[in-house]
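Remarks on the structure that follows.
The values are calculated or read from the model by the stated rules, or taken from the named source; none is laboratory data. The shown structure was predicted, so the numbers you read here are calculated from the model rather than taken from an experiment. Methodologically, a virtual Cβ is constructed for each residue, glycine included, from the backbone with ideal geometry; neighbour enumeration extends over all protein chains shown.
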């Protein structure tokens with residue numbers, strides 16, 4: 001199949017059929033690279049044809065959205081600014097990307113979202129917003145206070161009106177429009193990233209043992225997880241009805257879910273019994289305390305980088321974190337992710353998926369997600385996975401884990 005004369009987005013199914021028929025690994029990889037190059041060309045052409053000076057390039061992990069931005073800058077800009085979420089992305093990841101494609105990174109004005117607000121009165125041919133879903137009302141001032149001919153917002157997850165109304169309205173108000181979009185499932189069919197399975201482990205709240213501290217300082221008592229969750233949910237409903245203090249009550253219930261001992265025990269059980277020591281595994285914990293309890297090597301806001309560097313250098317096979325590895329990180333040969341806590345935001349799950357589905361022959365990423373049943377946790381899960389292929393998602397009851405033969409392979 002000659003992809004040079006094809007529009008890839010219109011021919012994904014036929015490309016998938018042809019790709020999976022290729023028997024030679026070498027020919028397969030060559031074909032996938034040709035398709036990826038064509039996709040990147042189509043993305044650049046879409047940006048060039050887009051009438052808006054603020055374009056969203058939405059491409060899933062592994063499809064090369066950073067290459068699209070670099071090639072567009074080479075062709076159209078003599079004065080480029082790059083805004084990223086973290087210093088590590090600014091000083092490490094993007095530097096390597098520019099060097100990989102033999103472009104001069106020193107000529108780029110490099111900023112983090114937090115510090116970009118200090119810039120005003122500058123002129124740029126191009127502004128690249130990496131992980132652009134991080135743009136907020138507070139840091140949008142960089143776009144408003146500087147003269148920018150063209151802005152490329154790069155993201156793997158476009159904020160949608162139905163699941164992120166405020167961010168969607170912010171981008172709409174600034175004049176952003178989608179110039180090019182390639183979904184995660186499209187990337188799997190095209191061979192850019194590995195296929196994956198998601199194992200949902202459903203954990204019931206403890207309803208017999210009184211392990212939760214409750215009451216006041218004056219009258220403390222112990223209660224069960226289920227009883228305390230029910231109480232917290234009642235306080236949420238009362239606050240919403242009274243239209244007073246609802247946000248505080250919702251946060252209080254959320255913190256309780258994040259710190260459930262039953263979820264901690266289930267996560268540890270999964271790691272001990274269903275994830276081998278040979279699997280390269282990332283553990284996304286609900287808090288720093290949980291991360292350090294689940295794995296002796298952790299990377300978070302209060303840790304150094306030794307464990308991070310050891311994992312990246314493939315000297316250790318397990319690394320726990322909280323949110324520090326959600327975005328922009330590229331690791332070699334990661335097999336498994338164990339997610340102790342997710343949010344309702346699809347982007348958070350997709351970003352974490354991106355850590356383990358880097359393509360390599362024969363690899364299939366495996367994701368474990370621990371969910372507290374009959375709680376708000378289930379609603380967050382439904383929201384986070386609603387746009388993913390349901391045929392890749394499997395459900396297991398934590399109390400019956402030993403009975404699932406397929407998990408013992």
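Miscellaneous remarks
- The set of residues from the range 193-214 being more than 30 Å from residue 356 (Cα to Cα) and either in a loop (DSSP other than H, G, I, E, B) or out of contact with any helix residue (DSSP H, G or I) (no Cβ under 6 Å at 6 or more places or on another chain) (or both) comprises 206, 207, 208, 209, 210, 211, 213.
- Qualifying residue in the range 228-250 (condition: within 24 Å of residue 396 (Cβ to Cβ) and surrounded by 15 or more Cβ atoms within 10 Å (Cβ to Cβ)): yes
- Pick from the range 115-135, criterion touching a residue at least 24 places away in the same chain (Cβ under 8 Å) and surrounded by fewer than 13 Cβ atoms within 10 Å (Cβ to Cβ), ranking: nearest to residue 177 (Cα to Cα): 123
- As a summary of the residue check, residue 198 satisfies the conditions (1) surrounded by fewer than 20 Cβ atoms within 10 Å (Cβ to Cβ); (2) in the same structural domain as residue 350 (by TED's automatic domain parsing) except for the one numbered (1).
- Considering residues of the range 136-153 that are modelled with pLDDT of 90 or more and surrounded by 18 or more Cβ atoms within 10 Å (Cβ to Cβ) only, the residue nearest to residue 348 (Cα to Cα): 153
- Residue in the range 4-27 that is part of a helix (DSSP H, G or I) and under 25 Å from residue 148 (Cα atoms) present: no
- Scoring residue 95 on the criteria (1) loosely packed, with under 15 Cβ neighbours inside 10 Å; (2) closer than 25 Å to residue 131 by Cβ leaves a single failure, condition (1).
- Output for the range 171-192, where each listed residue is surrounded by 21 or more Cβ atoms within 10 Å (Cβ to Cβ) and in a strand (DSSP E or B): 179, 180, 182
- Residue in the range 291-301 that is closer than 24 Å to residue 379 by Cα and either touching a strand residue (DSSP E or B) at 6+ places or on another chain (Cβ under 9 Å) or without any contact (Cβ under 8 Å) to a residue 24 or more places away in the chain (or both) present: yes
- Criterion: touching a residue at least 12 places away in the same chain (Cβ under 8 Å), within 29 Å of residue 331 (Cβ to Cβ) and out of contact with any helix residue (DSSP H, G or I) (no Cβ under 6 Å at 6 or more places or on another chain) - qualifying residue of 26, 65, 30: 65
- Number of the condition not met by residue 217 [criteria: (1) at pLDDT below 90; (2) under 28 Å from the mean Cα position of the chain (by Cα); (3) in a loop (DSSP other than H, G, I, E, B); (4) over 19 Å from residue 46 (Cβ atoms)]: (2)
- Given (1) surrounded by fewer than 19 Cβ atoms within 10 Å (Cβ to Cβ); (2) touching a helix residue (DSSP H, G or I) at 6+ places or on another chain (Cβ under 6 Å); (3) within 20 Å of residue 360 (Cβ to Cβ), number of the condition residue 100 does not satisfy: (2)
- Filter result (over 18 Å from residue 286 (Cα atoms) and touching a strand residue (DSSP E or B) at 6+ places or on another chain (Cβ under 7 Å)) within the range 359-383: 359, 364, 365, 366
- Output for the range 237-251, where each listed residue is touching a helix residue (DSSP H, G or I) at 6+ places or on another chain (Cβ under 6 Å) and part of a helix (DSSP H, G or I): 239, 240, 246, 249, 250
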